[in-house]
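Engineer: What follows is a single structure, and I will ask about it in a moment.
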Amino acid sequence: MARLAQLWQAYRWRIRRRYLLARAIRRRHRLTAVANRTGGIARNDILLFATIRNEATRLEHFLAHYRALGVNRFLIVDNDSTDGSRDLLADQPDVSLWRTDSSYRLHRFGLDWVTWLMIRYAHNHWCVTVDADELLIYPHHDTRPLPALTDWLDRQGQRVYPAMMLELYPKGPVQAQHYTPGDDPTALLRWFDAGNYSLIRQEKTRALWIQGGPRARMFFADRPRHAPTLTKIPLVRWNRRWVYLNSTHSILPRYLNECYDQTGAEAPSGLLLHTKFLPQVVDKAAEEKRRREHFGTPELFDSYYDSLIGSPDFWTPYSQELTGWRRLESLGLMSRGGWL
Amino acid sequence: MTVGFIMMCHTAFDRAAQVARYWGAHGAPVVIHVDARVSRHDYMALGRQLADLDNVSFSKRFKCEWGTWSLVAAAQAGAEQMLRQHPDVNHVFLASGSCLPLRPVAELNDYLAAHPQTDFIESVTTAEVGWTVGGIDMERFTLRFPFSWKKRRRLFDKYVALQRRLGVKRRIPGGIVPHLGSQWWCLSRATLSAILQDPDRATYDRYFSRVWIPDESYFQSLARLHSTQIESRSLTLSKFDYQGKPHIFYDDHLQLLRRSDCFVARKIWPKADKLYTNFLAERPAESVAEPNPSKIDRLFSKAVERRTKGRPGLYMQSRFPRQDHENGKTSAHYSIFQGFSDLFENFEGWLAKYVGARVHGHLFGPARAEFAGGAAMFNGCMSDSATLRDYNPRGFLTNLIWNGRGERQCFMFSPRDTQDINWFTATDPNAQISVISGAWAVPLFHSNRDFADIRREAARLQQIEIDHLNILRSMYVKARVRIWNMADFIENPMEPLQTIIDEISPRATRRLTEAPQMVDLTGFGQFLQNLRNQGMQPRLMGDFPVHGDLLTQPPRRGRPYLVK
């Protein structure tokens with residue numbers, strides 16, 4: 001009987017996956033190509049997928065970071081930017097740009113758009129799927145480019161690479177800092193929480209549910225369930241029949257989510273440095289609160305936005321300073337997993 | 001006299017060409033075998049790249065598949081060609097396209113000239129190798145393997161199982177003692193030609209062509225027949241990961257590779273530009289160092305261990321062990337004290353004085369996590385919020401121990417606290433749990449609450465403590481558990497305290513001089529009687545006389561009740 005129930009569950013997830021794929025295909029016309037340079041994608045290229053909205057201040061460093069890692073192609077959806085992001089991106093020789101003015105929220109927080117682009121272009125490529133404020137790092141990232149990692153993962157027979165979000169913050173109130181657009185945000189956001197993360201295995205999707213970090217302790221201490229999910233699976237050798245389920249927290253089919261070791265060993269993992277808390281986050285929070293495009297039930301997050309608008313100071317004497325990947329690894333936030 | 005190289009190539013031809021050119025230009029003949037599955041276009045391109053070197057040639061091509069005879073056949077063909085075309089070659093070195101010379105050819109020539117008759121080939125009897133993956137060692141030589149391990153794994157496994165069941169065994173040709181070893185060898189002309197010109201070669205070849213992974217055993221076994229002097233080690237530095245796949249070297253391994261003093265290393269990541277430019281640069285031959293891969297062994301064995309065992313007590317995004325597979329539920333020893341803070345005034349302060357540890361208050365207290373020193377936060381930015389803690393109590397505990405590693409963590413516990421961690425701590429060998437049962441009643445005794453309330457609360461706490469004690473007395477306990485009832489404990493508190501403290505810091509030989517200050521218990525016996533009179537039966541405190549003070553009675557030697 002339990003076996004039957006399992007089969008039924010598996011079938012329901014299969015239906016769900018196919019529904020999400022169909023939905024993305026049906027909605028592909030909501031995207032208008034601004035600059036389509038996908039013709040030159042080579043077989044071994046590493047692709048990056050992102051949806052952005054008004055990220056002009058970050059984009060320059062974002063592109064530089066991923067180019068330095070060895071990402072060859074950027075496939076970006078611009079959701080109605082008004083700050084010049086679109087022109088900036090359209091001029092880049094390695095960026096293919098689409099635009100849409102549809103609702104982010106009603107398109108699964110941009111996933112419908114990205115899913116379509118991934119069906120169309122990502123098959124069998126290593127793909128990075130991130131937001132503009134997420135910078136991927138991994139052990140040895142300072143000396144080995146991303147293709148070194150993906151080649152190694154290929155040899156290990158691993159198609160999925162987890163990298164949880166590590167939220168960075170400045171010392172002092174967020175808005176009291178000064179950030180020049182184009183600068184490396186991690187030069188300003190130098191601090192992080194090293195060991196206050198809660199991990200739970202979600203039996204339904206088999207993904208880990210990681211929560212914690214500065215936002216959980218500052219804004220969600222009274223309702224930890226609503227604290228942001230930090231699980232991320234941003235680097236995948238993609239298959240066109242796969243689909244991200246919610247944000248890049250989990251994937252269907254479900255077995256892909258089990259990229260953590262369950263026998264006591266240590267699988268490889270990286271980190272997504274989350275550079276959300278630049279000074280402009282305060283103004284952005286006011287706008288986001290108004291737009292009500294937050295994941296889940298937006299009303300629940302009003303007090304969170306209010307706290308952000310108040311320019312909080314996340315720093316504590318227990319905060320760790322960002323010094324390099326070796327420190328992050330020895331703290332147990334990520335792991336080489338045998339990649340020497 | 002010089003060394004000659006056979007290179008087995010199937011990919012990254014630019015790098016292979018670079019290395020072949022380096023060897024060829026330094027006077028070492030090179031015979032290149034290119035996998036027959038490589039396209040004609042790539043093959044021709046490689047040929048054109050090396051056309052100007054007359055000591056670089058190409059051998060007959062075989063379709064090479066991992067673990068099959070084709071690799072040996074290719075090596076044989078290459079070796080025959082090498083011996084035939086280059087009479088000045090005294091040693092033949094088998095290398096792959098992803099090998100990189102770490103030392104100048106002249107240094108290798110000098111080294112081999114000093115050992116003219118020696119064969120450098122790792123060759124170990126099957127009984128002694130510890131590195132076979134898949135559990136098949138001697139059976140490699142006695143079973144048949146018609147199915148590909150890489151492509152037809154299930155058939156492969158099934159057929160092996162069937163043969164084991166039927167007990168079929170192949171006969172090993174006379175004179176051969178199976179030996180295994182790294183497929184990257186360096187053999188002397190004498191030995192190699194003896195192997196290739198052996199009158200029984202046809203028999204051996206037929207036998208080995210059906211052995212599993214013959215490239216790790218053909219030359220390794222036959223060299224034992226013909227060699228006069230075997231040095232059972234490979235001159236090629238090659239390290240393996242936990243799956244038995246070779247480690248790949250990157251630019252940042254430059255110093256590591258230098259330090260090894262090996263002549264050749266594999267595998268090199270084809271895009272490791274710095275390694276290729278550095279090691280293929282012109283350098284004078286000056287070092288006479290013996291190759292010494294053991295200098296860097298530790299690093300690799302640690303990497304394998306990290307992958308297969310992980311860091312005990314760490315729960316993170318790529319290590320989330322199932323229950324009972326934790327390989328260390330927590331990362332360090334810690335101590336839990338139940339009842340002590342109720343019975344003694346400022347027990348935390350007293351304990352901190354006697355043990356070099358971080359002594360927290362009630363970490364799982366109902367109002368907040370009472371970190372040591374009343375701090376609102378702990379290492380790793382752990383918050384003292386009770387809601388956050390109770391959202392994932394086990395995670396809170398493992399985080400605390402992990403974040404406090406390097407320093408022993410001690411904390412107070414009581415039935416008033418969150419109880420969700422009880423099974424976890426009881427089954428954790430790192431935990432030291434000391435319980436004075438019934439001590440939770442002391443704060444009630446001192447409180448001014450309505451007696452009906454007190455009775456209700458006492459009944460609740462007693463039930464919680466009974467449940468906890470049942471866990472601590474179960475057969476699954478792995479923690480170091482000590483339980484006293486309150487009456488026994490206060491009769492003679494020094495001895496149990498000394499035992500606990502000795503266990504926490506075994507090297508401190510200091511005797512306890514001063515007992516912690518006990519709270520005033522005058523009238524406690526009457527209090528318990530009042531509870532009884534109200535219909536609640538206090539069961540965990542031991543025997544307290546209703547009248548008079550327990551402590552005035554002559555002390556009896558109390559023995560701690562030790563579970564495991």
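The values are calculated or read from the model by the stated rules, or taken from the named source; none is laboratory data. None of these values were measured; they are calculated from a predicted model. In this analysis, Cβ positions are derived from the backbone assuming ideal geometry, glycine residues included, and neighbour counts consider all displayed protein chains. These accessible areas exclude ligands, DNA and RNA; they are computed on the full protein's heavy atoms, side chains included. Shrake-Rupley method; radii C 1.70, N 1.55, O 1.52, S 1.80 Å.
Engineer: With unit charges on the beta carbon (Lys/Arg positive, Asp/Glu negative), name the residue among A:ASN246, A:TYR179, B:PRO496 whose Cα is farthest towards the positive pole of the charge dipole of the protein assembly as shown.
Structural biologist: My answer, from the dipole projection, is A:ASN246.
Engineer: Taking only C-alpha pairs under 8 Å that are 6+ residues apart, what is the relative contact order of chain B in percent?
Structural biologist: Details: 922 pairs, mean separation 62.8, N = 564.
Taking the mean separation of contacting Cα pairs over the length of chain B, I get 11 percent.
Engineer: In angstroms, what radius of gyration and Dmax does the stretch A:89-139 have, counting Cα atoms only?
Structural biologist: Spelled out, the Cα radius of gyration and Dmax of the stretch A:89-139 are 12.8, 38 Å.
Engineer: Mind telling me which of A:PRO228, A:PRO317, A:PRO253 comes out most flexible in a GNM of chain A, alpha-carbon contacts under 10 Å?
Structural biologist: A:PRO317
Engineer: For the stretch B:276-381, run through the GluC sites (Glu not before Pro) and keep only the ones in DSSP coil with at most 15 other Cβ atoms within 10 Å of their Cβ.
Structural biologist: Values: sites: B:GLU282, B:GLU286, B:GLU305, B:GLU326, B:GLU345, B:GLU348, B:GLU370; in loops: B:GLU282, B:GLU286, B:GLU326, B:GLU345, B:GLU370.
Within the stretch B:276-381, the qualifying GluC sites (Glu not before Pro) (loop, at most 15 other Cβ atoms within 10 Å) are B:GLU282, B:GLU286, B:GLU345.
Engineer: Contour minus end-to-end for B:LYS158 and B:LYS302, with contour as 0.36 nm per residue of separation and end-to-end as the Cα-Cα distance?
Structural biologist: So the chain would gain 48.4 nm between B:LYS158 and B:LYS302.
Engineer: Between B:HIS547 and B:VAL177, how high is the FRET efficiency from 1/(1 + (r/R0)^6) when r is the Cβ-Cβ distance and R₀ = 60 Å? Nearest 0.05.
Structural biologist: Working: r = 88 Å, r/R0 = 1.47.
Calculated value: 0.10.
Engineer: Another question, if that's okay. Measure of size requested: the Rg and Dmax of the stretch B:445-490, with Cα atoms as the atom set and Å as the unit; please supply both.
Structural biologist: According to the Cα coordinates of the stretch B:445-490, Rg and Dmax are 14.1, 41 Å.
Engineer: Here is a further query. Taking the Cα centre of chain B as origin and charging only Cβ (+1 Lys, Arg; -1 Asp, Glu), how large is the dipole, in debye to the nearest 20?
Structural biologist: The dipole of chain B has a size of about 1960 debye.
Engineer: How many angstrom lie between the C-alpha centres of the stretch A:212-239 and the stretch B:363-384?
Structural biologist: The stretch A:212-239 and the stretch B:363-384 have Cα centres spaced 22 Å from each other.
Engineer: Ratio of alpha-carbon Rg to the 2.2 N^0.38 Å globular estimate for the stretch A:91-241, to two decimals, please.
Structural biologist: Ratio of Cα Rg to 2.2 N^0.38 Å: 1.20.
Engineer: Provide, as a two-decimal number, the C-alpha radius of gyration of chain B over 2.2 N^0.38 Å, N being how many residues it has.
Structural biologist: Numbers: Rg = 35.9 Å, N = 564, 2.2 N^0.38 = 24.4 Å.
Against the empirical 2.2 N^0.38 Å value, I get 1.47 for chain B.
Engineer: Taking the DSSP beta bridges in chain B as the whole, what percent of them are antiparallel, to the nearest 5? Could you put the intermediate results ahead of the total?
Structural biologist: Details: 17 of 58 bridges.
That works out to approximately 30 percent antiparallel.
Engineer: Checking the a/c ratio against 1.5 first, then a/b against b/c, what shape does the Cα gyration tensor give for the stretch A:227-281?
Structural biologist: Details: a/c = 2.30, a/b = 1.42, b/c = 1.62.
Verdict is oblate for the stretch A:227-281.
Engineer: At q = 0.12, 0.18 Å⁻¹, work out log10 I(q)/I(0) for the stretch B:334-563 with the Debye formula, treating every Cα as an identical point scatterer and leaving solvent out; two decimals please.
Structural biologist: -0.66, -1.49
Engineer: Separate question: In µm²/s, what is D for the stretch B:89-226 at 25 °C and 0.890 mPa s, where D = kT/(6 pi eta Rh) by Stokes-Einstein and Rh is the Kirkwood radius from Cα pairs?
Structural biologist: Calculated translational D: 147 µm²/s.
Engineer: To the nearest 20 debye, what is the magnitude of the charge dipole of the stretch B:2-309 about its Cα centre, counting +1 on the Cβ of each Lys and Arg and -1 on the Cβ of each Asp and Glu?
Structural biologist: Dipole size: approximately 1740 debye.
Engineer: Here's a follow-up. Between A:ASN44 and B:ARG532, what is the spin-label point distance in nm, taking each point 7 Å from the Cα along the Cα→C-beta axis?
Structural biologist: It is 8.5 nm.
Engineer: Please identify, among A:ASN196, A:ASN257, A:ASN54, the residue showing maximal mean-square fluctuation in a Gaussian network model of chain A using a 10 angstrom Cα cutoff.
Structural biologist: With Cα springs under 10 Å in chain A, the top fluctuation among A:ASN196, A:ASN257, A:ASN54 is at A:ASN196.
Engineer: Now a separate question. I'd like the distance separating the alpha-carbon centroids of the stretch B:411-470 and the stretch A:81-136, in whole Å.
Structural biologist: The distance from the Cα centre of the stretch B:411-470 to that of the stretch A:81-136 comes to 56 Å.
Engineer: Counting residues in the stretch A:1-149 as N, plug N into 2.2 N^0.38 Å and put the Cα Rg over that result. Each step should come with its number before you reach the end.
Structural biologist: On the way: Rg = 17.2 Å, N = 149, 2.2 N^0.38 = 14.7 Å.
Dividing the Cα radius of gyration by 2.2 N^0.38 Å gives 1.17.
Engineer: Please name which of B:ASN379, B:GLY365, B:MET536 has its Cα lying farthest along the dipole of the stretch B:334-563 towards the positive end, using unit charges on Cβ (Lys, Arg +1; Asp, Glu -1) and the Cα centre as origin.
Structural biologist: Positive-end residue among those listed: B:ASN379.
Engineer: Work out the charge dipole of the stretch B:2-309 with +1 on the Cβ of Lys and Arg and -1 on the Cβ of Asp and Glu about the Cα centre, then indicate which of B:PHE62, B:LEU83, B:ALA114 is farthest towards its positive end.
Structural biologist: Final value for the positive-end residue is B:PHE62.
Engineer: Within 10 Å of each Cβ in peptide A:221-227, how many partner chain Cβ atoms are there on average? Round it to a whole number, please.
Structural biologist: 4
Engineer: I would also like to ask the following. If you average the C-alpha positions of the stretch B:307-350 and of the stretch B:62-128 separately, how far apart do those two centres end up, in angstrom?
Structural biologist: Computed from Cα coordinates, the inter-centre distance equals 53 Å.
Engineer: Next question, about the same structure. Less than 12 Å Cβ to Cβ from B:GLN338, Lys/Arg counted +1 and Asp/Glu -1: what total charge do the surrounding residues give?
Structural biologist: Local net charge: -1.
Engineer: Continuing with this model, one more query. Leaving out ligands, DNA and RNA, calculate the buried accessible area for the pair B and A with a 1.4 Å probe, summed over both sides, in Å² to the nearest 100.
Structural biologist: The summed interface area works out to 4500 Å².
Engineer: While we're here: Quick one, can you get me the convex hull of the C-alpha atoms of the stretch B:2-309 expressed as volume per residue in Å³?
Structural biologist: 137 Å³
Engineer: Report the net charge of residues surrounding B:VAL304, where surrounding means a beta-carbon distance below 13 angstrom and charges are Lys +1, Arg +1, Asp -1, Glu -1.
Structural biologist: +4
Engineer: While we're on this one: Quick one: give the max-minus-min coordinate of the C-alpha atoms of the protein assembly as shown along each principal axis, largest first, in Å.
Structural biologist: Principal-axis extents of the Cα atoms in the protein assembly as shown, largest first: 108, 74, 61 Å.
Engineer: If you don't mind, there's one more thing I want to ask. Considering only protein heavy atoms, what per residue accessible area in square angstrom results for the protein assembly as shown with a 1.4 angstrom probe?
Structural biologist: Per-residue accessible area for the protein assembly as shown comes out at 43 Å².
Engineer: While we're here: Please report, in debye to the nearest 20, how large the charge dipole of the protein assembly as shown is about its Cα centre when each Lys and Arg carries +1 at its beta carbon and each Asp and Glu carries -1 there.
Structural biologist: Details: 121 positive and 94 negative charges, 793 e Å.
That gives a dipole near 3820 debye.
Engineer: Can you list the trypsin sites (Lys or Arg not before Pro) in the stretch B:312-362 that are in a DSSP coil and have 16 or fewer other beta carbons within 10 angstrom?
Structural biologist: When the trypsin sites (Lys or Arg not before Pro) of the stretch B:312-362 are filtered for loop state and at most 16 Cβ neighbours within 10 Å, B:ARG322 remain.
Engineer: Taking H placed 1.01 Å from N in the peptide plane, check which residues at least 5 places from A:ASP261 or on another chain put their amide H under 5 Å from its amide H.
Structural biologist: The answer is A:ALA267, B:ARG319, B:PHE320.
Engineer: Rounded to the nearest 10 Å², what accessible area does A:TYR11 have for a 1.4 Å probe in the complete protein model?
Structural biologist: Number for this one is 120 Å².
Engineer: For A:197-206, what's the mean count of beta carbons from other chains sitting within 10 Å of each residue's beta carbon?
Structural biologist: 4
Engineer: While we're looking at this one, here's another question. Apply the membrane-span-like helix rule to chain A: whole DSSP H runs, Cα extent along the own long axis of at least 30 Å, mean Kyte-Doolittle hydropathy at least -1.0. List the helices found.
Structural biologist: Once both thresholds are applied, what remains is A:2-26.
Engineer: Ok, one more. Using the Kirkwood formula over every pair of different C-alpha atoms, what hydrodynamic radius in Å results for chain A?
Structural biologist: 20.7 Å
Engineer: With all protein chains present and a 1.4 Å probe, how do B:LEU363, B:LEU521 order by accessible area, largest first? Working shown, then result.
Structural biologist: Values: B:LEU363 0, B:LEU521 25 Å².
Largest accessible area first, the residues go B:LEU521, B:LEU363.
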